[in-house]
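The next block holds one structure in the form of C-alpha cells; read it before the comments.
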Amino acid sequence: MEEKKTRKKRKLGSYPFASVVFSITVALLVLGLFGWILLHSSRLGTRIQENIEVQVYLNKNISQSDITKIGTAIASKPYVLVKDQPQVTLITKEEAAQQFVEATGEDFKDFLGDNPLRDLFAMKVKGSYQSLDSLNKIKAEIEGIRGVFEVEYEESLIESINQNLTKIGFILLGIALFALIVVIILINNTIKLALFSQRFLIRSMQLVGATSAFIQRPFLYRSMMYGLFAGILACGIIYGFTSYMNSIIDGLEELQDFNGFLVLFSLILVMGVIVGYFSSLRAIRKYLKMSLDELY
C-alpha cells in the first residue's frame with residue numbers, strides 16, 4: 001500500500017501530458033488553418049490582378065525594328081510581370097483582326113476594305129503595381145516611349161477587383177484575429193486546469209520556504225516544452241493537409257509560397273511557447289496568492 005501511494009505522488013512542475021498537448025495542438029491547429037487560408041487567398045488575389053492585361057497600342061505604319069525596340073523597352077520595366085520571361089506579348093493588327101472575326105463571326109474588311117486596327121503589346125503588371133495611381137503612372141511612362149500611340153486598361157474592372165480583395169482581406173483578417181483570441185483563451189484554460197491538481201503541492205513548497213521563482217521554474221519550463229511540442233504537431237498536421245490538398249486540387253501548389261509557410265509555422269511555434277509560458281505564469285501566481293480556504 002505504501003509503495004502504491006508513493007507512485008501516485010506528482011512531481012513538481014508535471015502536467016497531464018496527453019490532454020494538455022492535445023488541447024494546445026487543437027488550438028494551434030485552428031490558428032494555423034486560418035493562416036493557411038489567408039496565405040492562399042492573398043496569393044489568389046494577386047494572381048487575379050496579374051491576369052489583367054494592359055494594352056499598349058502602337059503608331060500605324062511603324063517599322064518592325066521599332067516594334068522590337070518598344071517591346072524590349074517595355075519588357076525591361078520593373079513593373080512588368082516575369083514568369084520565366086517578361087509577360088509582354090506582341091499582337092499584330094492581322095492577329096487582332098483574326099481574333100475579332102473568330103469572336104463576332106464578321107469580317108470588317110469586307111465593308112471597310114482595310115484593317116483599321118493597330119499593332120499592340122499585351123502587358124501583364126505585377127500585383128504590387130495594381131493600384132490605380134501606379135497604373136496611371138505606368139500609362140504616362142509608356143505613352144512617353146516613341147512609337148507608342150496609347151495605353152489602355154479596364155479601370156473600372158481593376159478598381160472593382162481591388163475593392164473586393166480589400167473587403168475579403170479585412171474579413172479574413174478579422175476572423176484570424178478572432179481565432180487568435182480563441183486560441184489564447186483555450187491554451188490559458190487548459191494550463192490553468194492542468195495546474196489545478198497541483199495547487200496544494202505549490203502551497204506545500206511555499207510553506208517550506210521555497211521562493212516563488214523556484215516554484216515557478218519547473219512549471220514554466222514544462223509548459224514551454226509542451227507548447228513547442230504541440231506547435232510541432234500542429235505544423236506537421238498542416239503540412240500533411242497541404243500535401244493532400246495539392247494532390248487533389250490542380251494548380252493549388254502554384255498559390256503557395258515557401259516563405260509564407262515558413263512565417264506561418266514560425267508563428268505557430270512561437271505562439272505555443274509564449275502563450276504556454278504566460279498562461280502557466282498567470283495560473284501559478286494566482287495559486288501562490290490564494291489562501292488555504294480558497295484553495296479548497
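The values are calculated or read from the model by the stated rules, or taken from the named source; none is laboratory data. Keep in mind the model is a prediction, meaning the values are calculated, not measured. Heads up, the Cβs are rebuilt from the backbone with ideal geometry, glycines too, and the neighbour counts pull from every protein chain shown.
For the range 114-169, name all the residues that are basic (Lys, Arg) and in a strand (DSSP E or B). Residue satisfying the conditions is Lys124 alone.
Scanning the range 232-268 for residues that are exposed (fewer than 14 other Cβ atoms within 10 Å of the Cβ), more than 17 Å from the chain's Cα centre (by Cα) and in a helix (DSSP H, G or I) gives Gly236, Gly240, Tyr244, Ser247, Ile248.
Of all residues in the range 97-140, those satisfying the criterion of being among the aromatic types (Phe, Trp, Tyr) and at pLDDT 85 or above are Phe121, Tyr129.
Does the range 30-37 include one or more residues that are surrounded by fewer than 18 Cβ atoms within 10 Å (Cβ to Cβ), assigned by TED's automatic domain parsing to the domain that holds Lys93, within 31 Å of the chain's Cα centre (by Cα) and not in a strand (DSSP E or B)? No, the conditions are met nowhere in the range 30-37.
Looking at this structure, is Arg47 of a type outside the set (Asp, Glu) and at pLDDT below 80? No; evaluated as a whole, the condition is false for this residue. Across the range 40-82, the number of residues qualifying as in a strand (DSSP E or B) and under 28 Å from Asn259 (Cβ atoms) comes to 4.
Residues considered: Lys93, Lys77. Of these, the only one that is within 15 Å of Lys139 (Cα to Cα), in the same structural domain as Gln130 (by TED's automatic domain parsing) and among the basic types (Lys, Arg) is Lys77. The residue that is farthest from the chain's Cα centre (by Cα), among those in the range 147-170 that are in contact (Cβ under 8 Å) with a residue 12 or more places away in the chain and exposed (fewer than 14 other Cβ atoms within 10 Å of the Cβ), is Glu152. Looking at this structure, is Ala179 touching a Phe, Trp or Tyr at 6+ places or on another chain (Cβ under 7 Å) and part of a helix (DSSP H, G or I)? Judged against the criteria, Ala179 is a match.
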